[in-house]
Amino acid sequence: MRTITRLTVIGVLALACALPSHAAEKIFRTSDPAVFRLVTVTPRNGVEHWVSTGTAFFISPDGTALTNHHVVVDAEHHPDQYQLLAVVGKEFYSVEIACAREVPGDPNFDRAVFGADVAEVRLLPSAFSAETFQVGATGDVYRAHRAALPTFPTHPLGGNPKVGDHVVVVGYGLTVGDSSDPTGFQWASTGTVSDVGTAPDGTPLFRLVAARPPQPGHSGAPVMDPGGHVVGIEAWAEQLAPAGVAIGASALLHVCP
């Protein structure tokens, strides 16, 4: 099996859910309640302003979820400046980082060294002072969830995919030609696994060619088989191709020691 070390990236990706057949690659708007938007915010003039967005998905009904480490890195290293906020349905929650695996990067930040770029997070009732939150200037308005946590829907983990497997990705972020909303919508995209490999740290990786190129906000999206089992998590986007590199499901089993 090939060892994959690094690749030029554009930001990162995401997309996926339990769905259709794989006759032809396609992209469509969807609504998967087990996949949600993870937002990094910073306080300014007493108001929380969004800095960046990524994707995460529930692996436990108690609010435990997975995403990429680079989605939460600012909140992890600078908690006095940045916090994480989860947008689920029409409500928003506070988020704590349970644990994260950090992979080495390039000083220029335009290249990434592949590895176990995974973080486990947990939702909490909102501790933000604001009762409402808006993602972007024209985005939807969400209300703070302050009661006990509900039971969240989940996607079960599966095995690592093989070359030729058909998959679907669900996540948040822009799609090609979609500039009306800086936060994008939840989209699902079908695709095919075109290559598999291993990172220098032993993390299983695979290359995914999907219906649309990955866009900012896609990082942390689950990659699923047609039965809805998570076979990986998308993490890196290729700069010159409509493809991305995802981390295999076996690396998602025990993120926290």
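The values are calculated or read from the model by the stated rules, or taken from the named source; none is laboratory data. Everything numeric here is computed off the predicted structure, so don't read it as measured data. Quick reminder, even Gly has a Cβ in these numbers, built from the backbone with ideal geometry, and neighbours come from all protein chains shown.
Can you pull out every residue in the stretch 73-95 that is assigned to a helix (DSSP H, G or I) and either among the small types (Gly, Ala, Ser) or on the phi > 0 side of the Ramachandran plot (or both)?
Applying the first criterion (assigned to a helix (DSSP H, G or I)) to the stretch 73-95 yields 73-77.
If the condition is that a residue be assigned to a helix (DSSP H, G or I) and either among the small types (Gly, Ala, Ser) or on the phi > 0 side of the Ramachandran plot (or both), then Ala75 is the only one that fits.
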Is it the case that Gly232 is crowded, with 24+ Cβ neighbours inside 10 Å and at pLDDT 85 or above? yes
Please go through the stretch 193-213 and give me each residue that is β-branched (Val, Ile, Thr), assigned to a strand (DSSP E or B) and within 15 Å of Val113 (Cα to Cα), ordered by number. Thr198
In the set Asp110, Asp201, Asp117, Asp178, which member is surrounded by fewer than 18 Cβ atoms within 10 Å (Cβ to Cβ), at pLDDT below 95 and assigned by TED's automatic domain parsing to the domain that holds Pro61? Asp110
Search result, residues across the stretch 115-153 that are of a type in the set (D, E, K, R) and touching a residue at least 60 places away in the same chain (Cβ under 8 Å): Asp117, Glu120, Arg122
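Going through Ala16, Ala56 one at a time, which residue ends up being at pLDDT 90 or above and within 20 Å of the chain's Cα centre (by Cα)?
On the way: Ala16 fails: at pLDDT 90 or above.
Just a single option satisfies the conditions, and that option is Ala56.
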Would you please name the residue that is surrounded by the most Cβ atoms within 10 Å (Cβ to Cβ), looking only at residues in the stretch 53-67 that are part of a strand (DSSP E or B) and of a type in the set (Ser, Thr, Tyr)? Thr55
Val87: passes all of (1) at pLDDT 90 or above; (2) surrounded by fewer than 21 Cβ atoms within 10 Å (Cβ to Cβ); (3) out of contact with any Asp or Glu (no Cβ under 6 Å at 6 or more places or on another chain) but (2)
